[in-house]
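Structure, as structure tokens:
The values are calculated or read from the model by the stated rules, or taken from the named source; none is laboratory data. Predicted model only: the values in this text are computed from it and were never measured. Backbone-built Cβ (ideal geometry, glycine too); neighbour counts: all protein chains shown. The protein model used for the area step is the full one, side chains on, heavy atoms only, and it has no ligands, DNA or RNA in it. Shrake-Rupley method; radii C 1.70, N 1.55, O 1.52, S 1.80 Å.
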Amino acid sequence: EVMRFPLFFDTASLPDTAVISSGYVQVYGNADYSTTDFFLTLQSGMPTYPRQPLQGSDYDYTLYSGDGGSLSTSGFSTTSYNNIYLSSTGLSWVNQTGWTKFLLRSSRDIAGTSPTGLEYVWIRENSYGAGYQPKLYINYVLPATRPVINTWSAQNVAGSLAELRGFVVDDGTVDVNVWFDYGTTGSYG
């Protein structure tokens, strides 16, 4: 019997300008009944599959493709989370405006290889409680933006003194120094 495990993550809160650099999916292991090791592989059927709520046809292997990242069952933990690091393909599947959806499959299922013994692991999920649900971690950076500064004409100009006025409206995402230059002729920054 071939089992496939759909995963849904709400990633709409990621900033639209985020540049995703890395990420991984965590699944909590419950049991390993494998006599033959294989890879747990993330595939995608986005934007449509898998659907919410799930339908029987969502398990159809022909709806999914790609290798979004994989983990060998040779070191599969049955008492903690297992990390499946996203490949560059998997990172490209992260939907910054909605749901990111994966189907977790056996590499032997993907290759169409008939089982030669016991080839399955059990993964815990939400029904086991808050400490067991699958998780998605995304690392990203925001592009640097310049600060926005408002200034006004000098006031109370007298002799060698002047009152200079301005403020930073938005400090952007880069460290900057802000200062005034003043002179009696020309243009100053």
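Residues whose amide H lies under 5 Å from that of Asn82, counting only those 5 or more places away or on a different chain, are Val27, Tyr28, Gly29; hydrogens are built 1.01 Å from N in the peptide plane. The HN-Hα couplings worked out from phi for region 13-22 by the Karplus form 6.51 cos²θ - 1.76 cosθ + 1.60 (θ = phi - 60°) are 7, 5, x, 4, 8, 4, 9, 7, 9, 6 Hz, whole numbers, x standing for Gly and Pro. Residues whose amide H comes within less than 5 Å of that of Trp99, counting only those at least five positions distant or on another chain, are Thr11 (H built at 1.01 Å from N in the peptide plane).
The GNM of the chain, with springs linking C-alpha atoms under 10 angstrom apart, assigns the highest mean-square fluctuation among Ala12, Ala111, Ala162 to Ala162.
Residues in the chain average 61 Å² of solvent-accessible surface per residue, probe 1.4 Å, ligands and nucleic acids excluded. Note on the chain: GNM, Cα springs under 10 Å; of Leu91, Leu142, Leu161, the largest mean-square fluctuation is that of Leu161. Phi angles across region 74-83 convert, under the Karplus curve 6.51 cos²θ - 1.76 cosθ + 1.60 with θ = phi - 60°, into 3J(HN,Hα) values of 5, x, 5, 7, 9, 10, 7, 6, 10, 9 Hz, Gly and Pro given as x.
Volume of the convex hull of the chain (Cα atoms only), normalised per residue: 177 Å³. In terms of the mean number of neighbouring beta-carbon atoms within 10 Å, the peptides 17-23, 99-105 order highest first as 99-105, 17-23. Shape of region 1-87 from the C-alpha gyration tensor: oblate (a/c of 1.5 or more and a/b not above b/c, with a ≥ b ≥ c the square roots of its eigenvalues).
Each label point was placed 7 Å from the Cα along the Cα-to-Cβ direction; for Thr97 and Val19 their separation is 2.1 nm.
At 222 nm, what value in deg cm²/dmol follows for the chain if DSSP H runs of at least 4 each add -39500 (n - 2.57) and the sum is divided by all its residues, to the nearest 500?
Computed ellipticity for the chain at 222 nm equals -1000 deg cm²/dmol.
Ranked by solvent-accessible area (1.4 Å probe, protein heavy atoms only, all chains present), the residues Asp16, Asp175, Asp60, Asp10 order from largest to smallest as Asp175, Asp16, Asp10, Asp60.
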